[in-house]
Amino acid sequence: MTSLNCRNLVYFIGGLRRPTSSGKSGIDIMAEAVAGRVPAGTHCELHRYCQSTNARKFSHKQGTTIPVFTSLTAEEHAHQLSMAIQAKIEELKPENLILVAHSSGSAVLRRAIAAIVSSKIDHEHHVGHRSWTSVLKHIVHIGGMTTGWEFNSEVPKLFLWLGPMVRPFCPHWFPWQIYKGSRFITETRIALNRQYDRHREAKPIQPQEDYLLGTKDEYLTPADAIEVGGVVVGDNPKYIEVAGCTHSSILSGKSGEANLAVATFISQVLFTDGQDLPAGLRRIEADDIDDYLDPLDNEPARRDVKVDHVIIVLHGIRDGGMWAKRIGNAIKEICRSKPGDKESRSVRVVSPTYGYFSLWDFVRPGGRRRAVDWFQDTYANVCALYPSAKISFLGHSNGTYLGTQALQCQNLDYRCMILAGSVVRRDFWVNSNTGKEWKQRVSRLFNFRSLDDWIVALLPGGLEVLPLLGRWMNLGGGGAYGFRGLEEDREQRTIKGGHGAAIEADTWEQLARFLSIDTDKLMNQSIPEMKGHLAPVNPGDEPLLWAVNRFLNLTKIVRILGGLLILAAVFVCFLPILLPLWVVVGLPSPCILLDYPMASMLVIVLASATSFSCLKNI
């Protein structure tokens, strides 16, 4: 029966779960346990979020968990959740809203809040009504995926082995949408962290938050629930470990006393002011929280709203990124020389590394996708530490691919973006579907086209022109032939040199000065100096190089041969797996395999190992 004077509305939100015959989920069990502890006479309503329980997008069958094979995107789940909560607020008109979310339900909930924070939600439904975030007082995250989940040694071994192999073939499956560094998670983190921008007048949405995590959780570590650089004010937020619980048993009732402790804790949150934790729960003290975090590029993991500008410098493949550290120091020196910023407190330079990235990692299925997820997670970490800052980007080679592909996140933008030795497709910025929209989120864009960058010209440039496969590989020769649609000298420059010409030592000071230009001077500013490797060249300066470059640009057959060479090397790596399958399905095999099977397989294995070794070490 609906209360006419509901003081507290408690809303339970379930996470991802496989369909079961019992029909009762962990969030159902926990909601019933809490309902049994509601004191008599309490003006309180307990409700559970219901949604479609099967793979069909529109279904009348409702349940309290997200189906494993849901056809709704994570964004659509967040929108539906926001609308459902808003409807309850308008119906019951409570004074306080308390949310209890489990697992991926936390990720969906955070996105619903982020949509309101970043004004990307449809507000027509809210006209004449107060938004549900205005009465939001408390959130309890149980195994909540704050920053997404990722593979680790505790994940069930079958999923740990099959997951990375399957992901390239079903990239839109719901679990991948909430993976650490995914677009959904990154956009959520950016929006929620930027609400703490010191320049904003609006008061941040900051309810009391409690994070409960099982000590045996297979999918999450404490670092996955703790926002890097997060500010702990008094008891907000609280991080609590639940002894002996896995990701699902923390709710299901299988852990006995631990489940009772969680239910008791939620009841205390709702109905009492008790500060003592039930037995089985342990508070992680604020001073110990950073023990679970990796500080970003050796910076103190503390939020700093005084920083106005962050510059991310990112290396490419077969590169440890030492030059990135050095150019970072040059940028800091330039900033220190500016009046009023002697300590360089308003500018930060971060040069994160994703480790040695071989040619095999570059071309294998899923290799670059995981690196993009890593970069998106890094960008969100930067926003968490420096919510007031505008972010600029300097990338080389594969770093340019990560920086540009991350623009798929709608909340991700750049104040200034410099691309050197780019392996991005030439039509990236003029693509009718995405390029023009992505370019609008880059205030200042500049690309260096190296005249004799044969690496990009023949390999990514070759893959770009391959029919179908070229689009699937999503690589191109922007660093050798230039991008279509970019204005020469203002947005793009042709320079002399090879793959690393634009990041040689004599360019660091020039790049540093360009990246540190004030915002109001940025739009009409070209690269300030033209000397050394950054000096522009024209056909009259290097006629032979121009002729060869033009020939490669117009003669696709030469570039195709380079692309096919890479694909052939990758194909040979998989021959020991493909040929037995070929025989099993009954397809005709080369005669030599039938006449000399053992010798043939030995040659194939040796060729595969040699090819893999070459790709892994060059």
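The values are calculated or read from the model by the stated rules, or taken from the named source; none is laboratory data. In this text, all values refer to a predicted model and were calculated from it rather than measured experimentally. Cβ atoms come from the backbone with ideal geometry, glycine included; neighbour counts cover every protein chain shown.
Using the structure shown, decide if His125 is within 27 Å of Ile190 (Cβ to Cβ) and either modelled with pLDDT of 80 or more or surrounded by 20 or more Cβ atoms within 10 Å (Cβ to Cβ) (or both). Show your work before the answer.
Values: within 27 Å of Ile190 (Cβ to Cβ): yes; either modelled with pLDDT of 80 or more or surrounded by 20 or more Cβ atoms within 10 Å (Cβ to Cβ) (or both): no.
Considered against the rule, which asks whether it is within 27 Å of Ile190 (Cβ to Cβ) and either modelled with pLDDT of 80 or more or surrounded by 20 or more Cβ atoms within 10 Å (Cβ to Cβ) (or both), His125 comes out as no.
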Condition check: over 27 Å from the mean Cα position of the chain (by Cα), more than 21 Å from Ile331 (Cα to Cα) and part of a helix (DSSP H, G or I). Does Ala480 satisfy that? yes
Return the residues of the stretch 374-414 that are over 26 Å from Val305 (Cβ atoms) and part of a helix (DSSP H, G or I); say none if nothing qualifies. Asn398, Gly399, Thr400, Tyr401, Leu402, Thr404, Gln405, Gln408
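Yes/no per residue for (1) modelled with pLDDT under 75; (2) surrounded by fewer than 22 Cβ atoms within 10 Å (Cβ to Cβ); (3) within 24 Å of Leu192 (Cβ to Cβ); (4) touching a strand residue (DSSP E or B) at 6+ places or on another chain (Cβ under 6 Å):
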residue: Met322; (1), (2), (3), (4): yes, yes, no, no
residue: Leu359; (1), (2), (3), (4): no, yes, no, no
residue: Phe362; (1), (2), (3), (4): no, no, no, no
residue: Cys383; (1), (2), (3), (4): no, no, yes, no
Kindly evaluate Ile240 against the criterion of being of a type in the set (A, V, I, L, M), assigned to a strand (DSSP E or B) and modelled with pLDDT of 80 or more. yes
Among the residues in the stretch 446-469, are any touching a Cys at 6+ places or on another chain (Cβ under 9 Å), in contact (Cβ under 8 Å) with a residue 12 or more places away in the chain and not hydroxyl-bearing (Ser, Thr, Tyr)? yes
Take the conditions on the phi < 0 side of the Ramachandran plot and modelled with pLDDT of 90 or more and apply them to Asn447. Does it pass? yes
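Which residue out of Arg130, Arg110 is modelled with pLDDT of 85 or more, assigned by TED's automatic domain parsing to the domain that holds Ile29 and among the charged types (D, E, K, R)?
Arg110
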